Structure formats: C-alpha cells, structure tokens
Amino acid sequence: MSTFLELKTRIASDLERELTDETFTGRTWDTEIGAAINDAIRLYRAKRYWFLQGPITAALTSTTTASNSYVADYAGLVDLKSLRITIDNQKQELTEISFSEMESRHDGSTSEGEPYEYCRFGGRVRLYPTPGSVYTLTWSGTFLEATLTADGDTNAWLDEGEILIKAHAKLIMQRDYIKSYTDIPAAKDAVSEAVAALDLEHSARMGNRKLAARC
C-alpha cells in the first residue's frame, strides 16, 4: 500500500516535467499532483469494488429514534446492500421498497411499531412502520474512503486501486496542468487498461455475489 506522498512522488517521476505556468502563485508539483489524485478517486467513488465494501471487521451500526421514521445514511455510504434491525436481540433483514410505496404506507398513517420495510432517498432511510422505540440498525454496502490530506495518509484506493488512480491522476495532470495534449491518448489507454484489470479482478473476487472482506 502506498502513502499519499509515495504516490505523488511516483507520478512526478513518471511525468518528468516542471510546472512553469506562473498564472497561479505557489503552484507546485506536490499540490497539483495531490489534487489530481483526490480528483481521480472522486471519479471512481461510485464504483462498487470489493475493497470499498463494509463492514470489514466491526459491525456498522446506528440507532433509530422513537416516533421518527427517518434515519440518516451511515457516514460515507454509497451503495446500501443490506439493512438489518435488531429486535429482541435478533437481527432481522429489512425489506427494501420503492419511494412511492413508502409514501403510500405513511400517507395518513401514524402507525408505530417494529419496522420491517425501508426505502433510501435523499441521503436518508425511511422505515415502516415508524419505530415505536429505539432500535439498532446494522449496515452493509460500499463506502467512501477517507480523503487524502497529509503525506502519510493512505486508503484502499492507494492499495488495491493504485494503478488506476495513478493512471488517471497522470491523465489529469497532462490534460489540465502540463497541457501535453500529444500524451493524452496514451494516458487514456493506460486508464482504460487499469479499469479493465480492476473490473476483472472485482468480477473474480465477487463471483459468489456476496460481500467479500478485504484480503
């Protein structure tokens, strides 16, 4: 696994250029490559690669509020695969329904009790019936990785997805900062190859269609 600084250094070595544009004061390789790395990660964060899946070790949980049908998404959640509720010390799978179905459930209804259905909309989950008490929810899905800031920072993208992120960050640098347009086709090819390789590995790891732990 690379750190933020190590990946910036590798990209700078690969590009072997200097930033000579004086338009922006204080513009350096370090800051621009760092921004390009984080931009590259943002471009792929909606992907459902195995290394973005959780939980990895400890369960990811939050609690409901009595008489409130809404619960905020778990922090960093991108794609929700499973939502379970603990009732009488037993985890039970909640059934996902559409937004319109959930609206009709609550239309004119003040029913409270043990939730058994949910829908996800607008960064929140809505439950039916409305929780009559406080319950624990357990979340599984894909999640955002922490933004890279300090040179010693790292995350799963710099481990399993390093080749892709390096390739796309170099493309961003060549296109937006160096303005080396003749190098862009080759850079795009490198990105395409990295995406194909990562997609292939993901398919191999996820052949059983179940969430897999990082290994």
By how many degrees, between 0 and 90 and to the nearest 10, does the Cα long axis of helix 29-44 differ from the longest principal axis of the chain?
40
With +1 on each Lys and Arg Cβ and -1 on each Asp and Glu Cβ, and nothing else charged, work out how big the dipole of the chain is about its Cα centre, in Debye to the nearest 20.
400
Length added when fully stretched, Asp199-Thr57, from 0.36 nm per residue minus Cα-Cα
48.7 nm
Only Cα pairs under 8 Å and at least 6 apart count here; give the relative contact order of region 110-174 as a rounded whole percent.
20
Please work out which option in [x] 31, 19, 14; [y] 56, 20, 15; [z] 43, 18, 15 gives semi-axes √(5λ) of the Cα gyration tensor in Å calculated from these coordinates, and answer with its label.
[z]
Could you give the angle, 0 to 90 degrees to the nearest 10, between helix 184-205's Cα long axis and the longest principal axis of the Cα atoms of the chain?
40
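Give the ranking of Phe99, Phe121, Phe4 by solvent-accessible surface, highest area first, calculated with a 1.4 Å probe. It would help to have the intermediate numbers written out before the result.
Values: Phe99 90, Phe121 120, Phe4 10 Å².
Output order, biggest surface exposure first: Phe121, Phe99, Phe4.
Can you pull the percent of the chain's accessible area that's carbon plus sulfur, 1.4 Å probe, other chains left in place? Provide the component values of the computation, followed by the final result.
Values: 5670 of 11830 Å².
On the chain, the fraction of accessible area on carbon and sulfur atoms equals 48 percent.
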State, to one decimal in nm, how far the label point of Ala150 lies from the label point of Asp39, with both points 7 Å from Cα in the Cβ direction.
2.6
Heavy-atom accessible area per residue - region 59-146, 1.4 Å, Å²
52
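The values are calculated or read from the model by the stated rules, or taken from the named source; none is laboratory data. None of the values given here were measured: they were computed from a predicted structure. Ideal geometry is used to build each Cβ from the backbone, glycine not excepted, and the neighbour counts take in all protein chains shown. Just the protein is used for accessible areas: all its heavy atoms, side chains included, with ligands, DNA and RNA removed. Shrake-Rupley method; radii C 1.70, N 1.55, O 1.52, S 1.80 Å.
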